[in-house]
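Please read the structure below before turning to the comments.
The values are calculated or read from the model by the stated rules, or taken from the named source; none is laboratory data. Every value quoted in this text rests on a predicted model; they were computed, and no experiment measured them. Note: ideal-geometry Cβ built from the backbone for every residue, glycine included; neighbour counts use all protein chains shown. For the accessible areas, the whole protein counts, side chains as well, though only heavy atoms, and no ligand, DNA or RNA atoms are used. Shrake-Rupley method; radii C 1.70, N 1.55, O 1.52, S 1.80 Å.
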Amino acid sequence: MQQIISFIFKNSFRMLFLLLMIIALSLTVQSHSYHKSKVISSANFLTGGVYQMTSNVEGYFNLKVQNEELAKENARLKSLLFNLKDTTKIADIDSIKGVKKIDLIVSQVIKNSYTNQVNFLTLNTGYKQGVKPEMGVINSLGIVGVVENTSANYCTVLSILNTESPINAKIKKSNHIGSLIWNGKSTGFVQLVDVPRLASVRKGDTIVTGAQSTIFPENIGIGTIDKIYIDNETNFYTIDVKLFNDMTSLGHVYIIKNRDREEIINLEKKSEKDE
């Protein structure tokens, strides 16, 4: 205590000077608005800096909590995204001429091969949805293939890009019939063979399904004539057909229920037996 009193006594003049200076400054600030505003501004600057530093420190130590919250939100959004129904537009069924809505099963391609000689697609519908082997598969642009095998909820489809299974087709404007095959080369073209030389053919003419097919209804689109070749040995045309469909990019498709197929097949079998 004695040391404190001694310190004050020794420095009394200095302390008195500091006290008087503080009083003078205070009176100056209070009586002059300019000085007052400068003091307040400086104080705000200092306190603002302190608050900012405090906020930065608190934010740094809260990063772990914030990251955990962001991770939870990200997981929630991904869950919502994965459970959304596919919003890809399904082509209007009414645009497929000659096919009734009740005779179509809407499906989607979940796997598609197009680099082999015999290519297949996998669809996400099966016999539980009424799919059977040898049903035709189309979309709004044209034919896609023929159902090969089915399981409960899936089916495989023999693509039109195959070298083994011809499809009955015709030139739309003249009704001249041929067989649609694939030479195993370009995914954008198939070939119409056995077209008689009597047929009038031109580049750009439309090729559609023929009436002799029990798989596809008549007049379903296939493509347009691109090149015409003459086989001198058989006296028939071989025609390159540019497909309406891009067979490397398929989404929603329709499986056709041909209600008359079994009746036609049974009648033909009966006729064969009678012979």
#### Entry: Rg to Rh, two decimals, where region 123-212 supplies the alpha carbon set and Rh follows Kirkwood
1.04
### Message
Within region 173-244, what whole-number % of the accessible surface is contributed by carbon and sulfur, with the 1.4 Å probe and all protein chains included in the calculation?
### Response
47
### Message
Along the charge dipole of region 171-249, pointing to its positive end and built from +1/-1 on Cβ of Lys, Arg, Asp and Glu, which listed residue (Phe236, Gly184, Thr206) has its Cα farthest out?
### Response
Thr206
### Accessible area expressed per residue, region 119-273, with surrounding protein chains retained (probe 1.4 Å, Å²)
51
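Quick check on packing: order 15-21, 127-133 by the mean number of other C-beta atoms within 10 Å, highest mean leading.
Numbers: 15-21: 10.6, 127-133: 15.0.
Packing proxy ranking, top to bottom: 127-133, 15-21.
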#### Entry: Nonlocal amide H pairs with Met135, under 5 Å, H built at 1.01 Å
Val147
